[in-house]
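Enquirer: Just dropping this structure here.
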Amino acid sequence: MIHHTPKVSIVNVAITVSFLDLSMPNRDHFFGLDPVHRQLLVGSALAVGGILAYLLLRRKPVKSIPVGEGWWGAGEKPQSEDESIRPFTVETSDKEIEDLHGRIDGSRYTDPLEGSAFQYGFNSTYLKKVVSYWKNEFDWKKQVAVLNKYPHYKTKIEGLDVHFIHVRPTSRPNQRVLPIMLVHGWPGSFYEFYKILPLLTENQGGLVFEVICPSIPGYGFSEAPHKQGFNSLAAARIFHTLMERLGFSQYYLQGGDWGALITTNMAQMKPQNVKGLHVNMIITNRNFKTLLTIILGPYLPSLVGLTREDVRRLFPFFEKNVWEMLRESGYMHIQATKPDTAGCGLNDSPVGLAAYILEKFSTWTHPKYKDLDDGGTGKYTLDDLLTNVMIYWTTRSIVPSMRFYKENLKGNFDKRVDASVAVLVPSGLAAFPEELIHCPKAWAVTKYHNIYSYTSMPRGGHFAAFEEPQLLADDIFQFVRKVEKC
């Protein structure tokens with residue numbers, strides 16, 4: 001529920017109480033400032049607090065965003081659409097593998113700079129080792145069999161063949177089976193969830209999940225949109241349709257990266273259908289509270305609702321949240337402007353595609369992996385990493401997957417319809433320490449108004465399900481138990 005602040009004075013009282021509750025080190029730091037700086041800090045807190053309270057008083061919350069409608073298939077929309085759900089099997093051929101090997105053999109490399117490790121991107125010396133394994137040891141036919149371990153399906157929604165896997169738990173007496181949808185991001189795929197699926201579909205204290213993992217349209221085995229404008233809101237609507245077509249009226253959602261935004265949009269779009277939302281990438285809008293946190297956080301963290309862990313992850317703010325993001329977001333600017341240009345080379349060169357994708361599994365797993373000769377990719381097996389690459393390669397989906405950035409970022413993100421709508425469903429937030437951007441609970445509450453759990457994870461980065469499946473599964477279970485009160 002949304003709680004409104006009845007009087008401006010309450011905010012000021014809260015600030016005073018928080019100030020008195022400062023830990024001794026921070027209090028000493030504060031009183032060590034000269035009087036002018038102390039007055040400036042307290043005055044800023046009171047002023048911004050008053051502004052926040054005023055905005056809360058005048059704001060009229062919107063409970064949901066429009067569902068809308070769309071048609072993304074080729075040509076004109078027909079009068080009716082086939083709504084059948086069809087079994088699907090991942091397949092390959094000797095010709096496909098021979099073509100891959102031929103392109104690998106024709107690859108050219110540029111020698112890396114001495115001692116550069118992964119500071120300039122994927123180190124070509126290590127890339128040659130990966131490519132050698134890819135051609136001589138990696139068994140794509142074996143990995144296709146691994147992919148087909150779980151049941152795959154396709155169904156037509158808004159003109160697109162939408163791919164998904166549907167994993168049901170073993171039927172046992174005295175267990176509650178709850179449906180949950182897991183949504184991936186970029187440059188991942190449904191395969192990211194293969195290690196967490198056995199954990200979620202195994203009975204834990206009488207609770208177990210029935211899991212649906214779709215591929216975002218334009219990714220992997222889901223058909224790419226044929227028309228402009230397909231963004232996270234369209235994906236959210238399509239995935240709601242998928243769940244309804246499978247016979248679910250209420251369900252849980254989980255996502256990271258784009259999956260976090262899509263599932264958040266799903267919760268905003270049809271909150272009556274979403275029993276709970278769990279994300280491992282927390283997306284919020286910047287506001288006055290954020291500004292207040294940035295100004296006062298290093299000196300008076302408890303006054304603005306920050307924990308010591310928040311302080312460690314956030315500050316120095318510009319180094320960790322501005323300069324670091326500038327260094328790591330070049331790909332995003334390219335994909336949000338000219339995805340087809342950059343994607344052309346990646347779609348034609350398997351080695352280029354592997355370097356582009358796997359570099360993210362290095363840096364986004366841990367920023368310090370840039371200093372390692374292998375980029376820290378040893379955190380995963382080469383079979384797992386290359387299987388994800390092969391999903392992009394064999395489906396030729398790198399270009400449409402990159403277009404998703406342009407469709408979502410072509411306008412002012414803060415003026416989208418979902419930017420001003422709070423998430424009212426029960427929410428579980430998992431903050432992994434090496435995630436690209438840290439979002440404190442103090443920020444998260446401005447977007448997610450019904451937080452049941454906020455967990456500061458002990459380890460892990462951006463690809464949580466792929467890297468730390470047990471930690472993520474445990475957090476999902478504990479969140480759902482709180483919602484279900486069991």
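The values are calculated or read from the model by the stated rules, or taken from the named source; none is laboratory data. The shown structure was predicted, so the numbers you read here are calculated from the model rather than taken from an experiment. Glycine gets a Cβ as well: all are built from the backbone with ideal geometry, and neighbour counts include every protein chain shown. Just the protein is used for accessible areas: all its heavy atoms, side chains included, with ligands, DNA and RNA removed. Shrake-Rupley method; radii C 1.70, N 1.55, O 1.52, S 1.80 Å.
Enquirer: When all C-alpha to C-alpha distances in region 429-480 are sorted into bins of 5 Å, what percent of pairs does each bin hold, rounded to whole numbers?
Expert: With 5 Å bins starting at 0, P(r) equals 5, 21, 30, 24, 18, 3.
Enquirer: Could you order peptides 230-239, 364-373, 296-305 by the average number of other Cβ atoms within 10 Å of their residues, highest first?
Expert: In decreasing order of mean packing, 230-239, 364-373, 296-305 become 230-239, 296-305, 364-373.
Enquirer: List the residues whose amide H sits under 5 Å from the amide H of V183, counting only those 5 or more places along or on another chain, with H placed 1.01 Å from N in the peptide plane.
Expert: Q254, G255, G256
Enquirer: Output wanted: per-residue J couplings in Hz (rounded whole) for region 435-452, from phi through Karplus 6.51 cos²θ - 1.76 cosθ + 1.60, θ = phi - 60°, x for Gly and Pro.
Expert: With coefficients 6.51, -1.76 and 1.60, one gets 4, 4, 9, 8, 10, x, 4, 4, 8, 4, 5, 6, 10, 9, 8, 9, 7, 8 Hz.
Enquirer: Continuing with this model, one more query. Using a 1.4 Å probe, how large is the accessible area of D94, given in Å² and rounded to the nearest 10?
Expert: 90
Enquirer: My understanding is that a pair violates if its Cα-Cα distance is over 20 Å; which of K320/K441; K128/K406; K77/K338; K128/K360 do that in this structure?
Expert: K128/K406; K77/K338
Enquirer: Okay, moving on. So how do W134, W258 rank on accessible area, 1.4 Å probe, biggest first, that is with the largest at the start?
Expert: So the residues, ranked largest to smallest area, are W258, W134.
Enquirer: Probe radius 1.4 Å, ligands and nucleic acids ignored: give me the carbon and sulfur share of the accessible area of region 76-485 as a rounded percent.
Expert: Roughly 51 percent of what the probe reaches on region 76-485 is carbon or sulfur.
Enquirer: I'd like the accessible area for V274, computed on protein heavy atoms only with a 1.4 Å probe and all protein chains in place. Round to 10 Å², please.
Expert: My reading of the accessible area for V274 is about 10 Å².
Enquirer: Sort H101, H240 by accessible area with a 1.4 Å probe, largest first.
Expert: H101, H240
Enquirer: Name the aspartates and glutamates eligible as straight-distance cross-link partners of K195: C-alpha to C-alpha under 16 Å, and not fewer than 8 places from it in the same chain.
Expert: The qualifying aspartates and glutamates are E210, D383, D384, E467, E468, D474, D475.
Enquirer: Here's a follow-up. With no solvent and one equal point scatterer per Cα, compute the Debye intensity ratio I(q)/I(0) for region 147-254 at 0.16, 0.22, 0.23, 0.24 Å⁻¹ and report its log10, rounded to two decimals.
Expert: Debye curve over Cα of region 147-254, log10 I(q)/I(0) at q = 0.16, 0.22, 0.23, 0.24 Å⁻¹: -0.71, -1.24, -1.33, -1.43.
Enquirer: Only one of the values (i) 87, 49, 39; (ii) 75, 58, 48; (iii) 79, 53, 53 was calculated from this structure for Cα extents along the principal axes in Å; name its label.
Expert: After the calculation, the listed value that fits is (ii).
Enquirer: Just going by the charge dipole of the chain, with Lys and Arg at +1 and Asp and Glu at -1 on Cβ, which of L306, P169, I398 is farthest out on the positive end?
Expert: The residue sitting most towards the positive pole is L306.
Enquirer: Give me the aspartates and glutamates in straight-line cross-link reach of K149: C-alpha distance below 13 Å, same-chain residues under 8 apart excluded.
Expert: Within the straight-line limit of under 13 Å, K149 reaches these aspartates and glutamates: E91.
Enquirer: Stokes-Einstein D for region 320-464 at 4 °C, 1.567 mPa s, Kirkwood Rh over Cα pairs, in µm²/s?
Expert: Answer, rounded: 75 µm²/s.
Enquirer: List, in order, the whole-Hz ³J(HN,Hα) value for each residue of region 81-97 obtained from phi through the Karplus relation with A = 6.51, B = -1.76, C = 1.60 and θ = phi - 60°; use x for Gly and Pro.
Expert: Working through the residues one at a time gives 9, 5, 9, 5, 9, 10, x, 9, 10, 6, 10, 9, 8, 4, 4, 5, 5 Hz.
Enquirer: Taking Cα centroids, how far is region 266-308 from region 244-262 in Å?
Expert: Region 266-308 and region 244-262 have Cα centres spaced 21 Å from each other.
Enquirer: Pairs of alpha-carbon atoms within less than 8 angstrom and 6+ residues apart define the contacts here; what relative contact order does the chain have, in percent?
Expert: The value is 20 percent.
Enquirer: Mind checking the full-extension length gain between A74 and R168? Use 0.36 nm per residue of separation minus the Cα-Cα distance, one decimal, nm.
Expert: Going from the current span to full extension adds 30.5 nm.
Enquirer: Express in Å², to the nearest 10, the accessible area of M332 obtained by rolling a 1.4 Å probe over the protein heavy atoms while all chains stay in place.
Expert: 60
Enquirer: Taking θ as phi - 60°, what are the ³J(HN,Hα) couplings along region 150-161 by the Karplus curve (6.51, -1.76, 1.60), each to the nearest whole Hz, with x for Gly and Pro?
Expert: Working through the residues one at a time gives 9, x, 9, 9, 9, 8, 8, 9, 6, x, 10, 7 Hz.
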